[in-house]
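Working notes, beginning with the structure itself.
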Amino acid sequence: QVQFVESGGGLVQPGGSLRLSCAASGSFFGDHVMGWYRQGPGKLREVVAQINIYGGTSYADSVKGRFTIFRDDAKNTLSLQMNNLKPEDTAIYYCNPYPNLSGSWGQGTQVTVSS
């Protein structure tokens, strides 16, 4: 089973930036639509960004214009550049194929936006 390891989270002030990374075990990314998801305190998990195998992207309205998703299939990595962060972006962030048919999730990486 492919495992995803997310990293790059942390504590940042409102208006700040973070770049998240996701690494997969084995050659996985090239054949799948990939997504970044998040689950905030007391909220349901939601997908915030997707990228298809051709590089086409889609974003949740709440992050559009602030977040950018990247993929590097040669390096088996997925990234999420997050700018102008807001307190409501506080969540655990996960990467997974989109849709996530396996139902399994990695540990994620915590992003906290607070002054």
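A short reminder: the numbers here are calculations on the coordinates, not readings from a lab. Quantities reported herein were computed from a predicted structural model and do not represent experimental measurements. Positions of Cβ are generated from backbone atoms using ideal geometry, with glycine treated the same way; all protein chains shown enter the neighbour counts.
Taken about its Cα centre, the chain carries a charge dipole of roughly 180 debye when the Cβ of each Lys and Arg holds +1 and the Cβ of each Asp and Glu holds -1. Rg and Dmax of the chain, both derived from C-alpha coordinates alone, stand at 13.1, 40 Å. Say a paramagnetic label sat at a point 7 Å from the Cα of residue 101, along Cα to Cβ; which residues of region 1-44 have their backbone N under 17 Å from it? Residues passing the 17 Å test: 1-3, 28-35. Taking a straight Cα-Cα cut-off under 13 Å and skipping sequence neighbours fewer than 8 places away in the same chain, the aspartates and glutamates within cross-link reach of residue 64 are 89.
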